[in-house]
2 protein chains.
Amino acid sequence: MQDVSRRSFLKISAVGAGALALGASSATAAQNAKDVKFDEEYDIVIIGTGFAGLAAAIKASGRGKKVLVLEKMGRAGGNSVINGGNMAAPMNKFQVAQGIKDSKELFIADAVKDGLGLNHTDLLGVMFDRSNDAVDLLTSCGAEFSDKLIFESGHSVARSLQSTNGSGSGYIQPMMGKLQNDPNVTIKTRTKFDDFIVDDSGRVVGVEAREEYKFDPKLFSDDLENKSGEKKSYKAKDGVLLASGGYGRDLWYRQIQDPRVVPSIDSTNHPGSSAGAMLAANRIGAFTLLTSWIQFLPYCSPDEKGFGAAVNFTNHCCNTYGLTVDPKTGKRFMDEHAGRKIKADACFKVIAESEKNDNYPVNVCDSQAVAARNPVYTSRPLEAGVVKKFNTLEELAKAYNLPLEPFLKTVADYNSYVKAGKDPEFGKVVDKLDGIDVSKPPFYASRTMPKVHHTMGGLEINTKAQVISSLTHEPIPGLWAAGEVTGGVHGASRLGTYAILDCMVFGMIAGETIGA
Amino acid sequence: MQDVSRRSFLKISAVGAGALALGASSATAAQNAKDVKFDEEYDIVIIGTGFAGLAAAIKASGRGKKVLVLEKMGRAGGNSVINGGNMAAPMNKFQVAQGIKDSKELFIADAVKDGLGLNHTDLLGVMFDRSNDAVDLLTSCGAEFSDKLIFESGHSVARSLQSTNGSGSGYIQPMMGKLQNDPNVTIKTRTKFDDFIVDDSGRVVGVEAREEYKFDPKLFSDDLENKSGEKKSYKAKDGVLLASGGYGRDLWYRQIQDPRVVPSIDSTNHPGSSAGAMLAANRIGAFTLLTSWIQFLPYCSPDEKGFGAAVNFTNHCCNTYGLTVDPKTGKRFMDEHAGRKIKADACFKVIAESEKNDNYPVNVCDSQAVAARNPVYTSRPLEAGVVKKFNTLEELAKAYNLPLEPFLKTVADYNSYVKAGKDPEFGKVVDKLDGIDVSKPPFYASRTMPKVHHTMGGLEINTKAQVISSLTHEPIPGLWAAGEVTGGVHGASRLGTYAILDCMVFGMIAGETIGA
């Protein structure tokens, strides 16, 4: 199977190769500035309109910089606008007011545990230090946070903020609103970054792009095959920020990095999440790390495509306050509050118990759990039909074909663990769940199928968001990067809610320092 | 600690940065052929004199090609000349004669198990198919194999050949002998590859290098800081093969890829094993995978530096036929015949049981095990003092400070498992060890400290050893790569003895096809 898939790639990818190679200045190098007549000039060019790109644009404009922001898709926001909107924010005002003890050491240690020690801890330290600056930036744009802190899986303490609308759009829309009225900032959607423009010293001085680009989700590799749009060259007098995101939907690159991720595997990502921009940086001296670590989100539903509506419910109502069972046995099989890699691996094992690979785990919680979280976490997937509501556990068991007696015993045992404040089976932190168990009807349930979510791999940067050169071991002049296109901060597996802070902080830093 | 180390890098690496950047054609791109006056012309230029480079040179010369082979060190052979000389060779004549059933499926499945499913199985399939061609090439140069097959850890069957002298030099010396008398082939040692030379179409047409180069092991990054030698340009009319090896001794690059690998951690590699040449390929459109997977060899001794003399003894006498105990408890703690990652992880855990991080596991075997393997596996480390010989198990226990009664019980239990053909504790394949247990004096022992050995990361190649471009998703014209500088074949963790076959096969393929 795997070999067949790889070969079918090569066949498909051969189609567009020749033409694009000719289109570039050479098949290996970025365009040299000597050969370029720039169409437009800016101080700073930013590639990508996710959290990192927009945070950078706001900060740069605040310093009077003339900023161009490029977005290849028709709408702004990338994956940032379709995620759950939960942001780790250690030392935020709610956490302090609620007397929850957090620290830089704990914030880093939590990440390193799930990241298997591969984390670049200096970057995590900067995220901790700038946490409240990121919150302030979002607040200044009009973003609203709930005072109910998220106690995210894999974290030792509750430290994550949730947007009141239960989505990353609760941050992207306010930032876009601010930028759209900003005379210093030009945002071009449907404009595809193709390559960097460098001068003789190797400094990045601009980018080549195509306006009127039409992304085509039917192509195997849009980066390679799509030739739409009109070529433009933009000068970036002070520098370029690459904030182009990860490669969760790059069917070509992701399977090279991890052959198990065959093209048919679904992803939470928007269809444009590809490696092309990151690889262009590679060709001017940047280099990647951790690219074979591709994270699966263990909260997704097999009953809907892509990110879907069930994620926040499964994660925050069920995995935090409820339990997850194997439908074959009716029994728990993992610490529901563990990090993503541990849970995704455990879920895949259960799913594979059926010949058709469809023995999807069932997540269960009760009305207390639903009431403890943002109401939209449950109302939205209920409406979409991917979460179901039951008056009794018996009805729930029947609907998911769970063996009744073992399931009822599992719930009774779990409730006794919550009462005792100790889970002898899987070590879940049941003493930190405010006594919420699975006992008060109505009951709610969802099913789990992990999907490709976050790609750990990316470019090596320093704590100033400067991209490091493999030739000089120093920053590449004129080039910054922030967010999922970088690698290292999260190690082998990212903790939930750390991504938004990562993007916001290194985006802000780039916006504060490019051309300073 | 870790942060301090990373910062100290930056300081050190700043020293040489400016000068080298100016020396290159630009800070980001390879030299363009238009700007080059070539000093010498060849059909094929090969970078590296390990198994891959030499196999390629022999095959290319056999087709009448004029070949230049570059080696930055003073002696040829890289890591190939200092390893254990054991080569997986499925379907070799001894295996067939001994009636051992092997197959392509089994050969691939063994690798994928230790490689955690990250292997590029199409490459493994080619290795299987060309196994006897690699053996024939070595034999034709005069290499000699023992008829005692190696049953390497992590393998399901015995399939690996050993050189009669117990070292990779048993293959490198015959190949070098053949090449030194070959009028088609020029070998330049102390000649450091710096960068590729490409033409306007992106085709690799030559290399820049420095003759009279003096490698300096005292430098933190020789690639960055060493400015010795005289610049030369060599034309490669048909193409260039990159066979420059891994980055096990690149203190800068390896810690970026895995921050736990701090500079003080020892390696089995020769001091010149660095990432520089691989990263130069990155800058002309190649790209890497699996770079954060750095393998530790769980057979090394804390009582000597580098690869040392103990490896073959610990691996083939003790881990295959004997047992390994935790000196604190006198008990076994792992399947001694498991793959390298499983064992290295287990050993690190035991080592960390003491405050000083020096609770090194003790490997034990008896005279039967020593007699079953190449005698030099034991005589050489005995002479070096890193393996010790004892008349009784009591003496052995005393020498390593093992708690006597638990240790004697462990040995008695183990011997009963061998007799019963089943290891109920760790599942070792004791039924496949010809009845050899730990009972016949004298007894032998060594200590274990895993060292950085093989770097899984490298360039993406296809089954023809062509390097794939991130821009075209097609081969980069004029560029081939083979051996440890490539990534994918071994997945997350390489099985023992698969490396030599990997290097030989893809080196041969490049030598057969460049300019064909």
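Since every read-out is calculated from the coordinates, none of them should be taken as a lab result. Owing to the predicted nature of the structure, the values given are computational and were not obtained by experimental measurement. Note that we place each Cβ from the backbone using ideal geometry, even for glycine, and neighbour counts take in every protein chain shown.
Couple of notes before you dig in:
- With a cut-off of 15 Å on the backbone N, the residues of segment B:57-86 near the modelled label site 7 Å out from B:Q180 along Cα-Cβ are B:74-78.
- Set of segment B:302-337 residues, backbone N closer than 16 Å to the point 7 Å along the Cα-Cβ line of B:E405: B:329-331
- Copy-to-copy label distances for B:G421, where each label lies 7 Å from Cα along Cα-to-Cβ, are 5.5 nm in order of increasing length.
- Shielding score for B:196-203, defined as the mean number of other chain Cβ atoms within 10 Å: 4
- Across the identical copies, the label point of A:Q98 (7 Å from Cα in the Cβ direction) is separated from its matches by 6.3 nm, in order from shortest.
- With contacts taken as Cα pairs under 8 Å at a separation of at least 6 residues, segment A:317-383 carries a relative contact order of 38 percent.
- Between this copy and the others, label points of B:E144 are 8.5 nm apart in ascending order, each placed 7 angstrom from Cα in the Cβ direction.
- Segment A:184-246: GluC sites (Glu not before Pro) falling in loop per DSSP and having at most 13 other Cβ within 10 Å: A:E212
- Charge-dipole axis of chain B as Lys and Arg at +1 and Asp and Glu at -1 on Cβ define it, positive-most pick from B:M91, B:Y377, B:S470: B:Y377
- Order of B:H337, A:H490 under a 10 Å beta carbon neighbour criterion, fewest first: B:H337, A:H490
- Exposure proxy ranking for B:D199, A:D423, B:D502, based on other Cβ atoms within 10 angstrom of each Cβ and starting from the fewest, stands as B:D199, A:D423, B:D502.
- The relative contact order of chain A, computed from alpha carbon pairs under 8 Å that lie at least 6 residues apart in sequence, is 23 percent.
- For B:D133 and A:V262, the FRET efficiency from 1/(1 + (r/R0)^6), where r spans their Cβ atoms and R0 equals 41 Å, is about 0.85.
- Mean separation of Cα contacts under 8 Å (6+ apart) over length of segment A:299-449, as relative contact order %: 36
- With neighbour counts taken as other beta-carbon atoms within 10 Å, the residues B:W480, A:W293, B:W252 rank, fewest first, as B:W252, A:W293, B:W480.
- Spin-label pair A:K104-B:K398: with each label point 7 Å from Cα along the Cα-Cβ axis, the two points sit 5.4 nm from one another.
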